[in-house]
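The values are calculated or read from the model by the stated rules, or taken from the named source; none is laboratory data. For clarity, every value in this text was computed on a predicted model and none was experimentally measured. Neighbour counts are summed over all protein chains in view; Cβ atoms, including those assigned to glycine, are modelled from backbone coordinates with ideal geometry. For the accessible areas, the whole protein counts, side chains as well, though only heavy atoms, and no ligand, DNA or RNA atoms are used. Shrake-Rupley method; radii C 1.70, N 1.55, O 1.52, S 1.80 Å.
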Amino acid sequence: MIEYKEFIENKKRTIVNTGFEIEKSEFNKNLFEYQKDIVQIALKKGNYAVFADCGLGKTLIEIEWAKQVNKYTNKPILIFAPLEVCSQTIDECKKFNYDIEIKYVRENTEIENGIYISNYDRADKFNGDILGGVILDESSILKNYTGATKRLLLEKYSNVEFKLCATATPSPNDNMEILNQAEFLGIIKSTEALSE
């Protein structure tokens, strides 16, 4: 019979970094040091979640991550956000003097290379296979375990090489919200995590 300690050791998962490394000096000078640290770790991991409360600069972190992934993959990056957040993200990009432009798009035919943003209601209009990276702004949208949006995002964007989830700190007692984001990032299926 297997010892309990050995049983627990067998349950441990090793997360492999699938991203790339970059010096913080390459980042926009308007980022605070902690934001640069987060971007650097997120790029190295490849698939990452940023759980940061309101006012801590998730949008800037997303923009910098998108810029670097676009440069690295030479493929388009698509940000999904609630409709009212789309224009705010575009404005933030201009406000902080980025040498990039984020364009609002409605469907796949509007995408070439660059950084794009669209609202979640249009997620079915895009092809994840052409993307170098995808960002879910307000990724708590994945909270609903059986939700149509969650299923659609998992189906259409699971093969995208680089993924970033960004939302305010999830409710500490809401395991499904965290597990659904882990599933989107390709870390573990939520059903598998619940059964372990």
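Could you list all residues from segment 141-161 that are buried (at least 19 other Cβ atoms within 10 Å of the Cβ), β-branched (Val, Ile, Thr) and in a helix (DSSP H, G or I)? Hit for segment 141-161 is Ile141, nothing else.
Reported count of residues in segment 66-116, each being on the phi < 0 side of the Ramachandran plot, part of a loop (DSSP other than H, G, I, E, B) and open to solvent by 50 Å² or more (accessible area, probe 1.4 Å), is 7.
For segment 117-140, residues that are free of Cβ contacts under 8 Å to residues at least 60 places away in the same chain and crowded, with 22+ Cβ neighbours inside 10 Å total 6. Among residues of segment 148-165 that are in contact (Cβ under 8 Å) with a residue 40 or more places away in the chain, those with a Cβ under 6 angstrom from a residue that is open to solvent by 50 Å² or more (accessible area, probe 1.4 Å) and in a strand (DSSP E or B), sequence gap 6+ or separate chain, pair up as Leu164/Tyr48. Only one entry in Asn108, Asn159, Asn119 is closer than 20 Å to Ala49 by Cβ, out of contact with any strand residue (DSSP E or B) (no Cβ under 6 Å at 6 or more places or on another chain) and of a type in the set (S, T, N, Q), namely Asn159.
Residues that are in a loop (DSSP other than H, G, I, E, B) and either surrounded by fewer than 18 Cβ atoms within 10 Å (Cβ to Cβ) or at positive phi (or both) within segment 29-56 comprise Lys29, Asn30, Phe32, Gly46, Ala52, Asp53, Cys54, Gly55, Leu56, listed in sequence order. Pairs linking a residue in segment 98-113 that is over 16 Å from Ile63 (Cβ atoms) to a residue that is surrounded by fewer than 12 Cβ atoms within 10 Å (Cβ to Cβ) and at pLDDT 95 or above, with Cβ atoms under 7 Å and 6 or more positions apart or on different chains, are Asn113/Asn74. Close contacts from segment 183-196, counting a first residue that is over 22 Å from Gly133 (Cβ atoms) and a second that is among the basic types (Lys, Arg) and at pLDDT 65 or above, with Cβ to Cβ under 8 Å and a gap of 6+ residues or different chains, come to Glu196/Lys11.
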